[in-house]
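A.B. asks: Quick one: structure below, then a few questions.
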Amino acid sequence: MDILKQIKEELGIRLEQVEAAVKLIDEGNTIPFIARYRKEATGSLDDEQLRNLNERLQYLRSLEDKKAQVIKAIEEQGKLTKELEAQITVAETLVVVEDLYRPYRPKRRTRATIAKEKGLEGLAQIILAQETEQPAKVLAESYLSEEKEVHTVEEAIAGAMDILAEEISDEASYRSYIREITMKEGMLASMAKDEKQESVYEMYYNFEEGVEKIAGHRILAINRGEKEKFLTVKITAPEERILRFLEKKIILRDNANTNDILKATIEDSYKRLIAPAIEREIRTALTERAEDGAIKVFAKNLEQLIMQPPIAGQVVLGWDPAFRTGCKLAVVDSTGKVLDTIVIYPTAPQNKVSEAKQILRKMIEKYNITLISLGNGTASRESEMVIVELLKEIKKPLHYVIVNEAGASVYSASKLATEEFPNFDVGQRSAASIARRLQDPLAELVKIEPQSIGVGQYQHDMNQKKLGEVLSGVVEDCVNKVGVNLNTASASLLEHISGITKTTAKNIVAYREANGRFHSRQELLKVPKLGPKAFEQCAGFLRIQEGKNPLDATGVHPESYEATKVLLDKLGLTMEDIKEIQAKAIKNKGTEAQKPEDRQTNLKQNKKKPDIVVKNQNTVFAKALAAAVGAADTAVLEKQSLDKVKDSGENTNASVIGRKIKNKGKMAEELG
């Protein structure tokens, strides 16, 4: 099998894209790095396409390895034929390879192997040949043996039937047909173990649906009901049709001496050996299909959760609601530092609402709290009522947000939380986490194992290894898509950056604590266990604000610095210009935390100041410049650009950079 061509066909992309991506993966490059910085090689494959490609690559390579092992094992037995080798070579799934290998695989002690030990294989082959003119009982007499414990002709015939039943079961073409027809025409049925017992699975107490049509969520629900011993599950196949198919393939002569024995053998082979195995395979395939669909939903939910925009410049009160143990509160400043914690009891059974409000008023006044982050767990609604009443009573502008607190309790009891808040109990840690996940969801949620964040139904019924890999990939893609501040990021955030391991992340934090802030990306090479390859993979995703080189604050990779400098030089710009624009962008960002009227004033002032115009960011050169200069008020810049174009009479459809650079071919050549 040509693996690369197979992937090309499956994913619907060009062969050269597959070749380039596989080469980069084999060289040890990470998916985020390839997606971001090797677009020209892969034809702009995104991270999702690259992960699908990598998954299929690993599967198909494992398949080829398995084929080689099977061919070698059969060859060592001296039973490999050219036809069999060709069948194994063209097999497209592990299931087909296993079917072909089944007759040659070393078997445990079965009824057939016991019959062979008793010397009954010859009788089995005579019956299968269907040429005998003697009744089977007469043939069986010559196989009786006290020494081998074959005492009667019935025992001899039964042993021969066991041998033939296993041979029929091992035939790959029969299994393939039965599997296919069962998938197409079979029915999955579930029944109650006790119809009188109440449960959430009552809709499945007498349920039946086509195997091919049944929805993934139903499969997962039925599996759980079976696991919890409420349901029994069975797949029914078109049995008569399957038996007729096998009889047609096996009974080739009308011989009264063997026909009845062969029919009984075929039925026994199907019901005892083939059907249970095919049912297990189909149940496994259905579960895998359902899990894959569910995991995709989980991945999308997780991405939406952690990619929520951060709320900057706010002093937040984190509120972990509860009844008996009280509501845990934590005040967190705009940098994420915990200023204070306390427990109040406004909910049942204490119902100390007045006392709770009094405490809240004092905290709001003392710390100038501007936002309340309320967890959506137990007692959330009751806590919300208290907050609403409080907001009506106080004049200070204050808002509240109900936050998904999934995973907060897991984090609060973790080793990481203990290290971060050694003097807090689990409730205080949970409240601090709820506050921080409103301030910066990405930075806070990466501290929690992805599987512990509630992102979907039946999450804990999944293949945990597969679920963990997919969700970790989502977190990795999100973190690298956003990038992190090298001088403030925690080890738990850094470890999700391309090329950085848990050990390297801890080393970066330790280096930062020992030597102070990083001033350039090149300093990363001084971090223990962070070599040139890891630097190549991670550097572009790590940002340094107000460092020596303004490009270190952008998504431009260090390998492209020289080309960027040439581009800026061609546009008559310097690094000082870039620094000035970045400083202005940071200042503009700071206005978000100011009063609305102050922000309007600042924006009006900023409009009067000239900026670099990046009107159309679809061009190669504009993208490079936009990445270099960082954030800017694009609406203002676009208006400035259009005004200038109208005044000059130039073509408004061309980008500003496109108009400045007359010979793009030459420019591209100069930039390499």
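The values are calculated or read from the model by the stated rules, or taken from the named source; none is laboratory data. It should be emphasised that the depicted structure is a prediction, and the values quoted were computed from it without experimental measurement. Cβ atoms come from the backbone with ideal geometry, glycine included; neighbour counts cover every protein chain shown.
A.B. asks: When residues of the range 190-208 are filtered for being under 31 Å from the mean Cα position of the chain (by Cα) and either in contact (Cβ under 8 Å) with a residue 40 or more places away in the chain or closer than 14 Å to R283 by Cβ (or both), how many remain?
C.D. replies: 1
A.B. asks: Moving to a separate point now. Among K72, K8, K66, K79, which is the only one that is outside the structural domain of I163 (by TED's automatic domain parsing), over 21 Å from G473 (Cα atoms), outside any helix (DSSP H, G or I) and without any contact (Cβ under 8 Å) to a residue 40 or more places away in the chain?
C.D. replies: Sole residue among the options that is outside the structural domain of I163 (by TED's automatic domain parsing), over 21 Å from G473 (Cα atoms), outside any helix (DSSP H, G or I) and without any contact (Cβ under 8 Å) to a residue 40 or more places away in the chain: K79.
A.B. asks: Are any residues in the range 301-331 modelled with pLDDT under 95, over 19 Å from Q464 (Cβ atoms) and not in a loop (DSSP other than H, G, I, E, B), and if so, which ones?
C.D. replies: E303, Q304, L305, I306
A.B. asks: Also: Go through the range 372-401 and count every residue that is in a helix (DSSP H, G or I) and over 35 Å from the mean Cα position of the chain (by Cα).
C.D. replies: 10
A.B. asks: What number goes with the only condition from (1) out of contact with any Pro (no Cβ under 7 Å at 6 or more places or on another chain); (2) crowded, with 22+ Cβ neighbours inside 10 Å; (3) closer than 16 Å to V332 by Cβ that V455 does not pass?
C.D. replies: Just one mismatch for V455, condition (3).
A.B. asks: Then there's this: Filter the range 367-395 down to residues that are of a type outside the set (S, T, N, Q) and in contact with an Asp or Glu (Cβ under 8 Å, 6 or more places away or on another chain) and give me whichever is farthest from K328 (Cα to Cα).
C.D. replies: The residue in question is Y367.
A.B. asks: Something else about it: Which of the following residues is within 25 Å of K337 (Cα to Cα) and either of a type in the set (V, I, T) or surrounded by fewer than 17 Cβ atoms within 10 Å (Cβ to Cβ) (or both): A510, A505?
C.D. replies: When all the criteria are applied, what remains is A510.
A.B. asks: Only residues that are closer than 23 Å to K481 by Cα, part of a helix (DSSP H, G or I) and small (G, A, S): list them for the range 512-543, please.
C.D. replies: A534, A539, G540
A.B. asks: Let me ask you something else. Condition check: part of a helix (DSSP H, G or I) and touching a residue at least 24 places away in the same chain (Cβ under 8 Å). Does V509 satisfy that?
C.D. replies: No: the conditions fail for V509.
A.B. asks: Conditions first: (1) surrounded by fewer than 20 Cβ atoms within 10 Å (Cβ to Cβ); (2) among the polar types (S, T, N, Q); (3) modelled with pLDDT of 95 or more. S190 passes all but one, so which condition is the exception?
C.D. replies: Result: S190 fails condition (1) only.
A.B. asks: Here is a further query. Suppose we filter the range 302-340 for residues that are under 30 Å from the mean Cα position of the chain (by Cα) and aliphatic (A, V, I, L, M); how many remain?
C.D. replies: Qualifying residue count, the range 302-340: 6.
A.B. asks: Restricting attention to the range 130-149, which residues are within 60 Å of the chain's Cα centre (by Cα) and touching a residue at least 60 places away in the same chain (Cβ under 8 Å)?
C.D. replies: Of everything in the range 130-149, those that are within 60 Å of the chain's Cα centre (by Cα) and touching a residue at least 60 places away in the same chain (Cβ under 8 Å) turn out to be Q130, E131, A136.
A.B. asks: If L286 meets every condition in (1) touching a strand residue (DSSP E or B) at 6+ places or on another chain (Cβ under 6 Å); (2) over 30 Å from Q428 (Cα atoms) apart from one, which number is that one?
C.D. replies: (1)
A.B. asks: Suppose the filter is surrounded by fewer than 17 Cβ atoms within 10 Å (Cβ to Cβ) and not aliphatic (A, V, I, L, M); does T110 pass it?
C.D. replies: yes
A.B. asks: Checking S44 against (1) of a type in the set (S, T, Y); (2) part of a helix (DSSP H, G or I); (3) surrounded by fewer than 16 Cβ atoms within 10 Å (Cβ to Cβ), only one condition comes out false. Which one?
C.D. replies: Only one criterion in (1) of a type in the set (S, T, Y); (2) part of a helix (DSSP H, G or I); (3) surrounded by fewer than 16 Cβ atoms within 10 Å (Cβ to Cβ) is unmet by S44, namely (2).
A.B. asks: Criterion first (buried (at least 18 other Cβ atoms within 10 Å of the Cβ), among the charged types (D, E, K, R) and at pLDDT 95 or above) does E279 satisfy it?
C.D. replies: When the stated conditions are applied, E279 passes them.
A.B. asks: I'd like to check something: does the range 250-264 contain any residue that is closer than 25 Å to V95 by Cα, in contact (Cβ under 8 Å) with a residue 40 or more places away in the chain and small (G, A, S)?
C.D. replies: no
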